[in-house]
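*Asks:* Structure incoming, see below.
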Amino acid sequence: MEKVLLIISGGIAAYKALELIRLFKKADKQIKCIATDSAMTFITPASVEYLSGDVLRTSLQDPEQEMKMGHIELARWPDIVLVAPATANIISSVANGLAGDLAQTVLMATTKQIVFAPSMNVRMWENRLFQKNIEVLKSNGSKFLGPSEGEMACGEYGIGRMMEPQQIIKSLI
C-alpha cells in the first residue's frame with residue numbers, strides 16, 4: 001500500500017484524521033483526502049491540505065474536478081480507501097447504495113479495499129439495523145478497524161470510540 005484515500009466523515013473524532021494524515025506521510029505514503037460537509041464543522045481545509053500536501057476534496061459540484069470525472073479518478077487512484085472517522089451515517093449510506101455526495105460516490109465507484117474506522121455513540125453502534133448494515137459491507141469485502149471501548153464525547157462509556165490513529169496505522173502498514 002503506497003497510496004491512501006482518506007475519507008473524513010463528520011463526527012467529533014474527525015480531529016483524529018489529522019494525526020492519521022501525519023502518520024501516513026511519516027510512513028512515506030501518498031495521501032489524498034475527501035471530507036464530507038459535516039466533517040467540515042470539525043476540521044479545516046487548511047489543516048488537511050497542509051498535512052497532506054494535496055487539495056482537500058469536498059464536493060461533487062466542483063466543475064474543474066468533475067469536467068475530468070474527478071470522482072472516478074479518486075475512486076481509481078488509491079491502493080486502499082480508509083474512512084476515518086466512519087460515522088453511522090456514512091456506513092449506513094454505503095451499505096444501502098446511496099451516492100449523494102462526493103464521499104459516498106467515491107465509495108460506490110471504487111474497486112479498491114475499503115476500510116472503515118467507526119466512531120459513534122454506543123447506542124448507535126449496538127442498533128440492530130446498523131449491525132445489519134455492517135454485515136452487508138463485510139459480506140461485500142469491506143473491513144472494519146474498531147471501534148474501541150471507552151469514554152465518549154457525549155459522556156457515555158462503551159463501544160463506539162474510533163481506534164487511535166497509531167493503532168489504525170499499525171493495522172494497515
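Each reported figure results from applying straightforward, stated rules to the coordinates on display, with no laboratory input. Just so we're clear, the structure is a prediction, and the values are computed from it rather than from any experiment. Counting neighbours? That spans all protein chains shown, and the Cβs are built from the backbone with ideal geometry, glycine included.
*Asks:* With every atom except the alpha carbons ignored, what do you get for Rg and Dmax of the chain, in angstroms?
*Replies:* Using the Cα atoms of the chain, the pair Rg, Dmax is 14.9, 46 Å.
*Asks:* Can I ask one more? Output ³J(HN,Hα) for region 126-143: one whole-Hz value per residue in order, computed from phi by the Karplus curve 6.51 cos²θ - 1.76 cosθ + 1.60 with θ = phi - 60°, and x for Gly and Pro.
*Replies:* 7, 4, 4, 4, 5, 4, 5, 4, 4, 4, 4, 5, 4, 5, 9, x, 6, 10
*Asks:* Now for a different question. Please go through the residue pairs Lys25/Lys138; Lys26/Lys132; Lys32/Lys132; Lys29/Lys143; Lys26/Lys138 and name each one whose alpha carbons sit more than 26 Å apart in this structure.
*Replies:* Lys25/Lys138; Lys26/Lys132; Lys32/Lys132; Lys26/Lys138
*Asks:* Using the Karplus equation 6.51 cos²θ - 1.76 cosθ + 1.60 (θ = phi - 60°), what ³J(HN,Hα) coupling, rounded to whole Hz, does each residue of region 40-55 give in order, writing x for Gly and Pro?
*Replies:* Ordered by residue, 3J(HN,Hα) equals 5, 7, 10, 9, 10, x, 4, 5, 5, 5, 4, 6, 7, x, 9, 5 Hz.
*Asks:* What is the antiparallel percent of DSSP beta bridges lying wholly in region 37-161, to the nearest 5?
*Replies:* Working: 4 of 11 bridges.
Of the beta bridges lying entirely in region 37-161, close to 35 percent run antiparallel.
*Asks:* If you don't mind, there's one more thing I want to ask. If you average the C-alpha positions of region 100-130 and of region 40-62 separately, how far apart do those two centres end up, in angstrom?
*Replies:* Using only Cα atoms to place each centre, the spacing works out to 19 Å.
*Asks:* Sort Asp79, Asp101 so that the residue with the fewest other Cβ atoms within 10 Å of its own Cβ comes first and the one with the most comes last.
*Replies:* Values: Asp79 13, Asp101 21.
Taking fewest neighbouring Cβ atoms as first place, the list is Asp79, Asp101.
*Asks:* Could you run the Karplus curve 6.51 cos²θ - 1.76 cosθ + 1.60 with θ = phi - 60° over region 146-156 and give me ³J(HN,Hα) per residue in whole Hz, x for Gly and Pro?
*Replies:* Each residue's phi maps through the Karplus curve to give x, x, 9, 9, x, 6, 10, 4, 7, x, 7 Hz.
*Asks:* Run the quick spin-label model on Glu156 and Met40: label points 7 Å from Cα toward the beta carbon, then report their separation in nm to one decimal.
*Replies:* 2.9 nm
*Asks:* Neighbouring Cβ atoms within 10 Å as the yardstick, rank Ser52, Ser139, Ser47 fewest first. Before the final figure, lay out the partial values.
*Replies:* Working: Ser52 21, Ser139 9, Ser47 14.
If I rank by nearby Cβ atoms, fewest first, I get Ser139, Ser47, Ser52.
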